[in-house]
Amino acid sequence: MRGCRKNHELQKGHDWMLSVSALCVALAALSPGPVRADAAAADETTGPLTEIVVTATRHEESLSKVPISVTAMTQEALDIRGVKDFQDVARFTPGVNIDNSGTNNISIRGIASTGGAGTTGIYLDDTPIQMRALAFNPDEALPKTFDIDRVEVLRGPQGTLFGSGSEGGTVRYITTQPSLTKSSIYARAETSYTQGGEPSYEAGVAGGMPIIDGTLGVRASVWYRRDGGYIDRIDPVTLATDEKNANYDQTMLLRLAAVWAPTEHLTVTPSIYYQDRYRNDVESYWPLYSNPSKDRYVNADPTQRSDPDRFYLTALKVEADLGATKLISNTSYYHRQEETGYDGTLYNLGFYQTFFGPGFTVLDPLLLDNNGVHLPAGATNYRSPASVQNYQQNITEEIRLQSNDPAARLIWTTGVFFSVNRQRYLEQIHDPLLNELTLATTGSNYTDIFTDVNGNPVPYDPTYPQDSYFLLTNAKDQQAAVFGEGTYSFTDQYKLTVGARFSQSKYSFTSLTGGPQLFNATTSVGANKTENSFTPKVSFSYQMDPRNLYYFTYAKGFRPGGGNNPVPYAACASDFQSFGISGAPLTFNSDTVNSFEVGAKNNIDNRFKISSSIYYIRWNNIQQTVIPPVCQISFISNLGQAVAKGLDIQAEIAITDAFTVELAAGYTDARYTQDSRLVPSEEPPVVRSGDAITGQSAQPGAPYTATIGLEYKFSLLDHASFIRVDDEYEGRAKWPSPGQDGTPAVPNTQQYDSANYVLSSTNFASARAGMNFGEFQVAAFVDNLADTHTVTNYNWTIDYGGGPSSRLQRQFTYRPRTIGLTFTYRH
C-alpha cells in the first residue's frame with residue numbers, strides 16, 4: 001500500500017508538470033511574435049513603465065531579463081505604497097505570507113515550519129541574519145525600510161547562491177550605498193492617528209556625499225518611528241485599566257557607511273547598521289472584553305509583555321576589479337539581543353488546575369475559563385511572568401570571484417562561504433508566588449504536589465530560585481561551503497544556467513532545564529551533529545525577443561538538522577504514551593526541497609508587463625514542531641513529506657500614460673502527502689495526509705491571494721500629483737491544519753484541538769494621494785480604509801479538560817483605520 005501511495009504521488013506530480021508545460025506552450029502562443037531586435041531595443045525606454053535593476057543572481061541585471069521569480073521594490077516604490085516593514089511588503093508580493101502574531105515568520109510558496117532552522121533566507125546586504133528556532137517560536141529580526149535602495153524577494157529555493165535556510169526563497173534588504181561622485185539627501189517624516197488609539201509619528205534623514213571626489217565618500221542615516229498603541233491593558237481580577245494604548249511600538253535606526261577607492265581598481269566599503277526596536281505590549285486582545293466594531297480593544301493578560309529587540313551589523317566589503325574578473329569579499333559580524341515571551345500566568349493557571357492531582361481539591365470556580373481569571377482569596381496578587389531571551393552572534397565571511405563582462409557568452413560566479421553562528425536561549429517562568437497559590441487552592445504546599453516519580457519534592461533550582469520552569473540552551477552552527485553558478489549563451493536567445501553548492505554544517509548544543517513544573521530534578525543534555533549537503537540548480541531560458549523571456553528551472557534547497565532540548569518524561573508521560581514513544585528524540589536531521597518551475601516574463605510596448613510562474617516543490621523529511629497537548633513542552637522531529645504547488649502572477653498595465661494598474665496574485669497548495677507518525681503503531685498520526693503545512697502562526701496559509709493597485713498621476717495647480725488605491729485579498733483556508741483536522745468524536749491527528757477554527761477570508765484596503773513641490777512631496781493616506789477587524793489569528797489557553805467552550809481565547813486583527821500625512825524630500 002505504501003508503494004502504491006508513493007507511485008500515485010509521483011503520477012500526480014507528473015500530471016502537474018504536464019499541465020505546467022501545456023500552460024507554458026499556451027503562453028508562448030499568445031505572446032507577440034518575434035520582432036526585429038534593433039526595433040525592440042529602440043523601444044526599451046519608451047512607454048510609462050520603468051525597469052528595475054536587481055542583483056538576484058549576484059550580477060546586475062534588468063528584472064525582466066532574470067530567469068527567476070522575483071519581486072523588487074525601490075525606495076520610491078516603497079514610499080508611494082506606504083511600506084514601512086515586511087508586513088507591508090508581503091501584501092504586494094505573490095506567494096508570500098508572514099505571521100502577524102509576532103514571530104515575523106516568513107513563508108514563501110507555502111514552505112514554512114514551526115521549528116528548526118529558518119525556511120526563508122533573510123539578508124541585509126550580503127549578510128544572512130535569520131535565526132534558528134531553539135524552543136519557543138523565535139521572533140525574526142526584520143530591518144525597517146528607511147533608506148533602503150530596494151527590497152528583493154526571490155521565490156523558490158536559492159540554495160546555490162544563498163545557501164542553507166533558503167528553501168522557500170530569500171528576502172534581501174539592499175541599503176543605499178555611499179557614492180564617490182554624487183551628493184544626495186533623502187528625508188521622510190510622518191504623522192498619523194489611529195481610531196480608538198493614539199497618534200503615530202516618524203522622522204528620518206539620510207545623506208551622502210564625496211569627501212574626496214572619486215576617492216572617498218560617506219553616507220549616514222538616522223530615523224525614529226513611534227507607532228501609537230490602540231489596545232488597553234486591564235487588570236484581569238479588578239478589570240481596572242492598567243495602561244491605555246499599551247501596545248505602542250518604537251524603533252530607532254542608525255547607519256553609517258563609507259566607500260574608499262585607493263585605486264581605480266579597488267574599493268573598500270565599511271559599514272555599521274544599528275536598529276533598536278521596543279514594543280511595549282502584545283498585539284493580541286481578549287474578545288471577552290473588547291468591541292472591535294467600536295474600535296475598542298482590550299488585553300487582560302495578567303502581566304505586561306514588552307519586547308526590546310536590538311541588533312547591529314558591522315560589515316567590510318572589498319571589491320577588486322581584475323579586468324576580466326571581479327573579486328568580492330564580504331566580512332561581517334551580526335549581534336542581536338531580544339527579549340520576548342508569553343503570558344506565564346495564564347499558562348500556569350491552566351497547567352496547575354490540570355495537574356493538581358488526586359487527593360487535592362481545587363476550589364470552584366476554575367482558576368481560568370472563558371469568563372476570565374478567577375484567583376482565589378489569599379492569592380489574588382498571583383502573577384508568574386514568562387520571558388524568553390534570544391542572543392545571536394554571527395560571524396560571516398564570503399569571497400566571490402565572478403566574471404566582469406555582462407556581454408560575455410559565459411557569465412559566472414564562484415566562491416567560498418564560512419559562518420559561525422552562536423545562539424543563546426533562556427526561557428523562564430518566574431513563579432515566586434507558587435506556594436501562595438497552592439495553599440489558597442488546595443491547602444497544600446507546592447512541594448506536596450510537585451514531586452518526582454519517587455515521591456520526592458521538586459524544589460526551585462538554586463541557580464534560578466524563583467522559576468517554576470527554566471530552559472537554558474547554548475547552540476553553535478558552523479558552516480563551510482563552496483559554490484558556483486554559470487550561465488552560457490548558446491545564442492542571443494538560448495541560455496543554460498548550471499549551479500551547485502556543497503556545504504558542510506556542524507551543529508552543537510547544550511541544554512539545561514529544571515523547576516517544579518517538570519516534576520523532576522534539573523536535567524542537562526548535549527549533542528553534536530555534522531551533515532553534508534549538495535544543492536544543484538539547472539535552468540534553461542529562451543529569450544524569444546528582447547521583451548519576452550521563458551524559462552524552466554530545477555533547484556534544490558536544504559536546511560541543517562539540529563537537537564532537542566530535554567523533555568522530562570514525568571511532566572509529559574501521558575503525551576508520550578499517546579504518541580507511543582518513550583521520550584523526545586535527542587536530534588533531528590536536515591530536510592530538503594526539490595523545486596520545478598516554469599516561468600515567463602512578457603512586455604508589450606512597455607505598457608503591459610507580466611511575470612508568471614508555475615511551480616511544483618517536493619519537501620522531504622520535514623522538520624516540524626510537535627506540541628504535546630497536555631504538558632505543552634515541544635520538541636522537533638522529522639515528519640514525512642509534503643508537496644507545494646501553485647502559481648504566481650505579477651503584472652503592470654499602463655491604461656494611459658497617467659493611469660496604471662498593478663496586480664499581484666498567487667495560488668498555493670501546500671500539503672502533506674503522507675501520514676506522519678513518531679512510531680509505526682501511532683494512531684491517529686501526528687500529521688494526516690492532506691493536512692496543510694503551517695508555520696509558526698499554526699494557521700494554514702491562504703490558498704488564494706490577490707492585490708490590486710490603481711494609480712493615477714495628474715497635474716494640479718501646476719504641481720505633479722497622484723492618487724493611489726491598493727486592496728489586498730486573502731482567501732479562506734481550503735485545507736485543515738494538523739490542529740484542525742478532525743472532530744471531537746474522531747480526531748484525525750494527535751495535534752487536533754476541537755477549539756481551533758478556520759479563519760475567514762480578509763480584505764485590506766489603503767489609499768494615498770500626494771502632490772510634489774519640486775523635490776518635496778506631501779501625501780495624505782488612509783490605511784485600513786474600511787476599518788476591517790476580521791480575525792487574522794488567535795490562540796487558546798491550555799486545555800485543562802474543561803472543553804473548548806470553557807477555554808479563554810485571544811485574537812489578532814488589523815490596526816484600526818489610520819489617517820495621516822507623509823512628507824518626503826529627495827535631492
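The values are calculated or read from the model by the stated rules, or taken from the named source; none is laboratory data. Remember, predicted model here, so these are calculated numbers, not experimental data. Neighbour counts run over all protein chains shown; Cβ positions are idealised from the backbone, glycine included. Accessible surface areas use protein heavy atoms only, side chains included; no ligands, DNA or RNA. Shrake-Rupley method; radii C 1.70, N 1.55, O 1.52, S 1.80 Å.
What is the number of the single condition among (1) touching a strand residue (DSSP E or B) at 6+ places or on another chain (Cβ under 6 Å); (2) touching a residue at least 60 places away in the same chain (Cβ under 8 Å); (3) under 25 Å from SER387 (Cβ atoms); (4) polar (S, T, N, Q) that ASN520 does not meet?
(1)
Considering every residue within region 273-280, establish whether at least one is over 30 Å from HIS374 (Cβ atoms), open to solvent by less than 30 Å² (accessible area, probe 1.4 Å) and not basic (Lys, Arg). It would help to see each step written out before you state the result.
Pass one, region 273-280, residues over 30 Å from HIS374 (Cβ atoms): 273-278.
Checking the rest, the ones that are also open to solvent by less than 30 Å² (accessible area, probe 1.4 Å) come to 273, 275.
Filter again for not basic (Lys, Arg), leaving 273, 275.
Checked region 273-280: at least one residue is over 30 Å from HIS374 (Cβ atoms), open to solvent by less than 30 Å² (accessible area, probe 1.4 Å) and not basic (Lys, Arg).
For region 206-243, name all the residues that are among the hydrophobic types (A, V, I, L, M, F, W, C) and touching an Asp or Glu at 6+ places or on another chain (Cβ under 9 Å).
Quick first cut of region 206-243, residues among the hydrophobic types (A, V, I, L, M, F, W, C) only: 206, 209, 211-212, 216, 218, 220, 222-223, 231, 234, 237, 239-240.
The answer is ALA206, TRP223, ILE231, ILE234.
Looking only at region 754-788, count how many residues are assigned to a loop (DSSP other than H, G, I, E, B) and either of a type in the set (A, V, I, L, M, F, W, C) or out of contact with any Pro (no Cβ under 7 Å at 6 or more places or on another chain) (or both).
Narrowing region 754-788 to residues assigned to a loop (DSSP other than H, G, I, E, B): 754-761, 774-775, 784-788.
Subset that is either of a type in the set (A, V, I, L, M, F, W, C) or out of contact with any Pro (no Cβ under 7 Å at 6 or more places or on another chain) (or both): 755-761, 774-775, 785-786, 788.
Going through region 754-788 one residue at a time, the tally reaches 12.
Can you pull out every residue in region 327-353 that is more than 27 Å from the chain's Cα centre (by Cα), of a type in the set (A, V, I, L, M) and closer than 30 Å to ASP235 by Cβ?
Restricting attention to region 327-353, the residues satisfying the condition of being more than 27 Å from the chain's Cα centre (by Cα) are 327-329, 345, 348-353.
In the following step, the residues that additionally are of a type in the set (A, V, I, L, M) were identified as 327-328, 349.
Scanning region 327-353 gives a single hit, LEU349.
Can we say GLU198 is farther than 26 Å from ILE395 by Cα, touching a residue at least 24 places away in the same chain (Cβ under 8 Å) and touching a Ser or Thr at 6+ places or on another chain (Cβ under 7 Å)? Give the steps one after another, and end with the answer.
Numbers: farther than 26 Å from ILE395 by Cα: yes; touching a residue at least 24 places away in the same chain (Cβ under 8 Å): yes; touching a Ser or Thr at 6+ places or on another chain (Cβ under 7 Å): no.
Against the criterion (farther than 26 Å from ILE395 by Cα, touching a residue at least 24 places away in the same chain (Cβ under 8 Å) and touching a Ser or Thr at 6+ places or on another chain (Cβ under 7 Å)), GLU198 does not qualify.
Can you list the strands (runs of 3 or more DSSP E) lying wholly within region 266-372 that have 3 or more residues being among the hydroxyl-bearing types (Ser, Thr, Tyr)?
Values: elements: 266-279, 297-299, 307-321, 325-340.
Hits in region 266-372: 266-279, 325-340.
Just for region 628-663: of the residues that are buried (at least 23 other Cβ atoms within 10 Å of the Cβ) and within 30 Å of THR50 (Cα to Cα), which one is farthest from the chain's Cα centre (by Cα)?
GLN650
Where the second residue is open to solvent by 50 Å² or more (accessible area, probe 1.4 Å) and outside any loop (DSSP other than H, G, I, E, B) and the first is basic (Lys, Arg) and lies in region 304-319, which pairs have Cβ atoms under 7 Å and are six or more apart or on separate chains?
ARG310/GLN337
Please go through region 93-140 and give me each residue that is modelled with pLDDT under 85 and among the β-branched types (Val, Ile, Thr), ordered by number.
THR103, THR114
For region 766-811, which residues satisfy the criterion of being open to solvent by less than 20 Å² (accessible area, probe 1.4 Å), closer than 27 Å to GLN699 by Cβ and of a type in the set (A, V, I, L, M)?
Selection gives ILE798, LEU808.
Give the residue that is surrounded by the fewest Cβ atoms within 10 Å (Cβ to Cβ), with candidates limited to residues of region 599-627 that are assigned to a loop (DSSP other than H, G, I, E, B) and in contact (Cβ under 8 Å) with a residue 60 or more places away in the chain. So that I can check it myself, show each step before the final result.
Filtering region 599-627 for residues assigned to a loop (DSSP other than H, G, I, E, B) gives 605-607, 621-622, 627.
Retained after the next criterion (residues that are in contact (Cβ under 8 Å) with a residue 60 or more places away in the chain): 605-607, 622, 627.
On the way: ASP605: 14, ASN606: 18, ARG607: 17, ILE622: 23, ILE627: 19.
Ranking the qualifying residues of region 599-627, first place goes to ASP605.
Which one is surrounded by the fewest Cβ atoms within 10 Å (Cβ to Cβ), of the residues in region 288-323 that are farther than 28 Å from ASP787 by Cβ and of a type in the set (S, T, N, Q)? Talk me through it step by step, then tell me what you get.
Step one: filter region 288-323 for residues farther than 28 Å from ASP787 by Cβ, giving 302-303, 308-323.
After this cut, where a residue has to be of a type in the set (S, T, N, Q) as well, the list is 303, 314.
On the way: THR303: 19, THR314: 15.
Looking at residues that are farther than 28 Å from ASP787 by Cβ and of a type in the set (S, T, N, Q), I get THR314.
Do you know which of the residues in region 185-216 that are among the polar types (S, T, N, Q) and within 29 Å of the chain's Cα centre (by Cα) is most open to solvent (accessible area, probe 1.4 Å)?
By that ranking, first place goes to THR191.
If you take just the strands (runs of 3 or more DSSP E) that sit entirely in region 630-713, which of them hold at least 1 residues that are of a type in the set (Ser, Thr, Tyr)?
Numbers: elements: 635-638, 642-654, 659-672.
In region 630-713, the matching strands (runs of 3 or more DSSP E) lie at 635-638, 659-672.
Of the residues that sit in region 465-486 and are surrounded by fewer than 22 Cβ atoms within 10 Å (Cβ to Cβ) and more than 29 Å from the chain's Cα centre (by Cα), which one is nearest to LYS556 (Cα to Cα)?
GLY486
Filtering region 393-445 down to residues that are surrounded by fewer than 21 Cβ atoms within 10 Å (Cβ to Cβ), of a type in the set (S, T, N, Q) and within 31 Å of the chain's Cα centre (by Cα), which residue is nearest to GLY118 (Cα to Cα)?
Only one residue fits best here, namely GLN393.
Of the residues that sit in region 126-164 and are of a type in the set (Phe, Trp, Tyr) and open to solvent by less than 20 Å² (accessible area, probe 1.4 Å), which one is farthest from the chain's Cα centre (by Cα)?
In the first step, residues of region 126-164 are kept if they are of a type in the set (Phe, Trp, Tyr); the result is 136, 146, 162.
Checking which are open to solvent by less than 20 Å² (accessible area, probe 1.4 Å) leaves us with 146, 162.
Details: PHE146: 19, PHE162: 17 Å.
Among those that are of a type in the set (Phe, Trp, Tyr) and open to solvent by less than 20 Å² (accessible area, probe 1.4 Å), it is PHE146.
Looking at GLU264, is it under 27 Å from SER183 (Cβ atoms) and modelled with pLDDT under 95? Before the answer, list the steps.
Working: under 27 Å from SER183 (Cβ atoms): yes; modelled with pLDDT under 95: yes.
Yes: the conditions hold for GLU264.
From the set of residues in region 579-598 that are assigned to a strand (DSSP E or B) and of a type in the set (Val, Ile, Thr), which is most open to solvent (accessible area, probe 1.4 Å)? If you could, list the steps in order and put the result at the bottom.
Of all residues in region 579-598, those assigned to a strand (DSSP E or B) come to 587-588, 591-598.
Checking which are of a type in the set (Val, Ile, Thr) leaves us with 587, 592-593, 598.
Details: THR587: 53, THR592: 35, VAL593: 0, VAL598: 20 Å².
Selected residue: THR587.
Consider region 154-182. How many of its residues are polar (S, T, N, Q) and farther than 21 Å from VAL416 by Cα?
Step one: filter region 154-182 for residues polar (S, T, N, Q), giving 158, 160, 164, 166, 170, 175-177, 179, 181.
Next, only the ones that are farther than 21 Å from VAL416 by Cα stay: 175-177, 179, 181.
Within region 154-182, residues that are polar (S, T, N, Q) and farther than 21 Å from VAL416 by Cα number 5.
Go through region 559-578 residue by residue and tally those that are among the aromatic types (Phe, Trp, Tyr) and either assigned to a strand (DSSP E or B) or at pLDDT 85 or above (or both).
Of region 559-578, the ones among the aromatic types (Phe, Trp, Tyr) are 569, 576.
Restricting the remaining residues to those that are either assigned to a strand (DSSP E or B) or at pLDDT 85 or above (or both) gives 576.
Residues meeting the conditions: 1.
Considering TYR278, TYR312, TYR297, which residue is of a type outside the set (S, T, N, Q) and under 30 Å from HIS59 (Cβ atoms)?
When all the criteria are applied, what remains is TYR312.
Which residue is surrounded by the most Cβ atoms within 10 Å (Cβ to Cβ), if the candidates are limited to region 664-709 and must be acidic (Asp, Glu) and under 22 Å from the mean Cα position of the chain (by Cα)?
Restricting attention to region 664-709, the residues satisfying the condition of being acidic (Asp, Glu) are 669, 675, 682-683, 691.
So of that shortlist, the ones also under 22 Å from the mean Cα position of the chain (by Cα) come out as 669, 691.
On the way: ASP669: 18, ASP691: 27.
The extreme case among them is ASP691.
Checking ASP718 against (1) closer than 21 Å to GLN624 by Cβ; (2) acidic (Asp, Glu); (3) surrounded by fewer than 21 Cβ atoms within 10 Å (Cβ to Cβ): exactly one of these is not met. Which one?
The failed condition is (1).
Any idea which residue in region 410-436 is nearest to SER508 (Cα to Cα), counting only those that are in contact with a helix residue (DSSP H, G or I) (Cβ under 7 Å, 6 or more places away or on another chain) and aliphatic (A, V, I, L, M)?
My answer is ILE429.
Go through region 224-252 and give me each residue that's of a type outside the set (Ser, Thr, Tyr) and buried (at least 21 other Cβ atoms within 10 Å of the Cβ). Write out each step before concluding.
Here is the first cut: in region 224-252, the residues of a type outside the set (Ser, Thr, Tyr) are 225-229, 231-237, 239-240, 242-247, 249-250, 252.
Of everything in region 224-252, those that are of a type outside the set (Ser, Thr, Tyr) and buried (at least 21 other Cβ atoms within 10 Å of the Cβ) turn out to be ARG225, ASP227, GLY229, ILE231, ASP232, ARG233, PRO236, ALA246, ASN247.
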